[in-house]
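Have a look at the structure below, then the notes.
The values are calculated or read from the model by the stated rules, or taken from the named source; none is laboratory data. From a predicted model like this one, the values you see are computed outputs, not experimental measurements. Here the Cβ positions follow ideal geometry from the backbone for every residue, glycine too, while neighbour counts run over all protein chains shown. Quick note on the areas: whole protein, heavy atoms, side chains included, nothing else; ligands and nucleic acids left out. Shrake-Rupley method; radii C 1.70, N 1.55, O 1.52, S 1.80 Å.
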Amino acid sequence: MKKQLFYLFTLVILFSQLASSQTNNSFESQRTLLLMHPTVGTILGMTELIEKGIFSLKNYTIKGIYFDKEAYDYSVSETYITENQLQIKLEKIEGDITERNLFGKNECSPQFLRLFNESQGVIFFGGPDIPPAIYGEKTNTLTVITDPCRHYFESSFLFNLLGGFQDSNFIPLLDKKPDYLIVGFCLGMQTMNVATGGTMIQDIPQEVYKLTNVEDILNLPSENLHRNYNSNIKDTPELFWGNIHPIKIIERSWLERQGIWKPTQYPGVVSSHHQAVEKTGKGLRIVATSMDGKIIESLDHTKFPNVYGFQFHPEASDIYSYSNSYQTIAKGEKTSLRSMIEKGNGYDFHLALWKKFAEILNNK
């Protein structure tokens, strides 16, 4: 009997050690991707991309990061996460960030360092216009500032990650981990540019095409329109929020070198913006432009290989579904966004981007 008890006790110990080992291995293999400005829309879109296998992450925790002084009510996101039983965490960052201390050490810098050390990548999403004072300009009458504290926070985080022209002696966090992934969509790319010392075109029609009337803007070729200006004339809920237009890939850019897309192909993308990158920030390099070459559509970094900015919206979940349909003009025929992107030869391009992002993260 004592012998049997001894064997039983030994088995219990072995199983406990095995379970502990498996738990530790699982914990060690768990990696983290940060999502900035984790609104319900952002969470919903990213969740759909991951669930559909378009953004195929393995053993990753998703953590939404926001600044306590942002205008958005993140309790709505907390409720959405709880009600849908999502494995997503939110973290609020507190500190004093103003226009005066964005580009250097501030109260949030230790938290930026911690977030960087605890994660393998971060995605910055779209949103409203950046306060021009951040990049040393006066405010155009068409610039609309609705959430300055969000811009202070995200600009400061990106400066801490990448450095910039504002302080040539500042040592960026990516110097410690150069293969860290940073992706910026629309406002995210604009913030990346401003954070590294670049400037902005505050209104494309006015500054680039010298147009101030909507009717004249709508007479431009569709490939030169970067949002749907029909909504300025008639506010219809079913009107599509953006415009589909082709972009031109720069020769020998990372998109060509890595076999994702060729300069002789012009993928259709969906954009909704009236501002654009003007002077590029420190270390940033042009990857794609509009067909007329006047608008920068994508950036990468000359020093850090996994830093990418896009002046369009690959994260829009409707690109990958036929479910929802839109009118591009009032009383026009409804079409799904996926159909529009496919017609513009951009669907495979979008899939290739997400495959690349997943590949970078899964290899960490």
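Please state the shape class of segment 183-303: rounded when a/c is under 1.5, otherwise prolate if a/b exceeds b/c and oblate if not, all from the C-alpha gyration tensor. Spell out each step's value before the answer.
On the way: a/c = 2.01, a/b = 1.51, b/c = 1.33.
It comes out prolate by the Cα gyration axes.
Starting at the first residue of segment 183-197, write each ³J(HN,Hα) from the Karplus equation 6.51 cos²θ - 1.76 cosθ + 1.60 with θ = phi - 60°, in whole Hz, x for Gly and Pro.
With coefficients 6.51, -1.76 and 1.60, one gets 10, x, 10, 6, 3, x, 5, 4, 5, 4, 5, 5, 4, 8, x Hz.
So if we plug the beta-carbon distance of residue 251 and residue 144 into 1/(1 + (r/R0)^6) with R0 = 35 Å, what FRET efficiency do we get, rounded to 0.05?
Details: r = 36 Å, r/R0 = 1.04.
E between residue 251 and residue 144, to the nearest 0.05, is 0.45.
Around residue 61, which amide H atoms from residues at least 5 apart in sequence, or from another chain, sit under 5 Å from its own amide H, with H modelled in the peptide plane?
31, 32, 33
Take the Cα pairs of the chain, get the Kirkwood Rh, then feed it into Stokes-Einstein at 37 °C and 0.692 mPa s and tell me D in µm²/s. Please list the in-between numbers first.
Numbers: Rh = 21.9 Å.
Once the numbers are plugged in, D ends up at 150 µm²/s.
May I ask you to derive the FRET efficiency for residue 231 and residue 258 from their Cβ-Cβ distance with R0 = 45 Å, giving the value to the nearest 0.05?
Details: r = 37 Å, r/R0 = 0.81.
Using R0 = 45 Å, I get an efficiency of 0.80.
Work out how much length residue 99 to residue 71 would gain on full extension: take 0.36 nm times their residue separation and subtract the Cα-Cα distance, in nm to one decimal.
Numbers: separation 28, 0.36 × 28 = 10.08 nm, distance 1.69 nm.
Additional length available on full extension: 8.4 nm.
Excluding residues fewer than 8 places away in the same chain, name every one of the aspartates and glutamates whose C-alpha is closer than 12 Å to that of residue 331.
Straight-distance partners of residue 331: 235, 238.
Below 8 Å between Cα atoms, with a sequence gap of 6+, how large is the relative contact order for the chain in percent? The partial results should precede the final answer.
Numbers: 649 pairs, mean separation 57.6, N = 364.
Relative CO of the chain lands at 16 percent.
Can you give the FRET efficiency to the nearest 0.05 for residue 165 and residue 117, using r as the Cβ-Cβ distance and R₀ = 22 Å? Mind showing how you got there, number by number?
Values: r = 26 Å, r/R0 = 1.17.
Plugging the Cβ-Cβ distance into 1/(1 + (r/R0)^6) gives 0.30.
Name the most mobile residue of 301, 226, 37, meaning the one with the largest mean-square fluctuation, in a Gaussian network model of the chain with Cα contacts below 10 Å.
Answer for the Gaussian network model of the chain: 301.
Given the options 36, 291, 192, which has the most mean-square fluctuation in a GNM of the chain, springs set between C-alpha atoms less than 10 angstrom apart?
Among 36, 291, 192, the largest GNM mean-square fluctuation belongs to 291.
What Kirkwood hydrodynamic radius, in Å, does segment 54-101 give when the mean of 1/r is taken over all pairs of distinct Cα atoms and then inverted?
Working: mean 1/r = 0.0776 Å⁻¹.
After inverting the pairwise mean of 1/r, the radius is 12.9 Å.
What shape does segment 261-313 take by its C-alpha gyration tensor, where a ≥ b ≥ c are the square roots of the eigenvalues and a/c under 1.5 counts as rounded, a/b above b/c as prolate, and the rest as oblate?
Values: a/c = 1.71, a/b = 1.26, b/c = 1.36.
It is oblate, given that a/c is not under 1.5 and a/b is not larger than b/c.
Name the shape class, rounded, prolate or oblate, that the alpha-carbon gyration tensor gives for segment 104-178, where a ≥ b ≥ c are the square roots of its eigenvalues, rounded holds for a/c under 1.5, and otherwise prolate holds if a/b is larger than b/c and oblate otherwise.
Details: a/c = 2.44, a/b = 1.70, b/c = 1.44.
In terms of gyration-tensor shape, prolate.
Mind jotting down the three principal axis lengths of segment 201-251 based on Cα atoms? Whole angstrom, largest first.
Rounded to whole Å, the extents work out to 40, 24, 20 Å.
Charges at C-beta only: +1 for Lys and Arg, -1 for Asp and Glu. How large is the resulting dipole of segment 143-242 about its Cα centre, in Debye rounded to 20? Could the numbers behind the result be given before it?
Details: 6 positive and 12 negative charges, 47 e Å.
Value, rounded to 20: 220 debye.
In segment 340-364, whose amide N lies under 16 Å from the spot 7 Å out along Cα-to-Cβ of residue 222? List them in ranges.
In segment 340-364, the label zone of residue 222 (backbone N under 16 Å from the point 7 Å along Cα→Cβ) covers 340-347.
Counting only residues 5 or more places away or on other chains, whose amide H sits under 5 Å from the amide H of residue 295 once H atoms are built in the peptide plane?
290
Distance between Cα centroids, segment 329-346 to segment 228-301: provide it in whole Å.
If you average the Cα positions of each part, the centres end up 17 Å apart.
Where q = 0.15, 0.21 Å⁻¹, what log10 of I(q)/I(0) comes from the Debye formula for segment 26-173, counting one point per Cα?
Result of the Debye calculation: -0.84, -1.39.
Apply the Karplus curve 6.51 cos²θ - 1.76 cosθ + 1.60, θ = phi - 60°, to the phi angles in segment 126-136 and return the couplings in whole Hz, x for Gly and Pro.
These are the phi-based 3J(HN,Hα) values: x, x, x, 5, 7, x, x, 4, 4, 10, x Hz.
Mean projection of the alpha-carbon convex hull of segment 239-364 over all orientations, in nm²? Don't jump to the answer; show the numbers that get you there.
On the way: hull surface 34.2 nm².
Across all orientations, segment 239-364 yields a mean hull projection of 8.5 nm².
Carbon and sulfur: what percent of the chain's accessible surface (1.4 Å probe)?
Numbers: 8800 of 17120 Å².
It is 51 percent, rounded to a whole number.
Per residue of segment 48-54, in order, report the coupling 6.51 cos²θ - 1.76 cosθ + 1.60 (Karplus, θ = phi - 60°) as ³J(HN,Hα) in whole Hz, putting x for Gly and Pro.
Per-residue couplings from phi come out as 5, 4, 6, 5, 7, x, 6 Hz.
Per residue, how much accessible area does segment 96-188 have with a 1.4 Å probe, in Å²? Mind dumping the intermediate values first?
On the way: 3640 Å² over 93 residues.
With the other protein chains kept in place, segment 96-188 gives 39 Å² per residue.
How big is the dipole moment of the chain about its Cα centre under a simple scheme where the beta carbon of each Lys and Arg is +1, that of each Asp and Glu is -1, and everything else is neutral? Debye, nearest 20, please. Mind showing how you got there, number by number?
Values: 35 positive and 40 negative charges, 272 e Å.
The calculated dipole for the chain is roughly 1300 debye.
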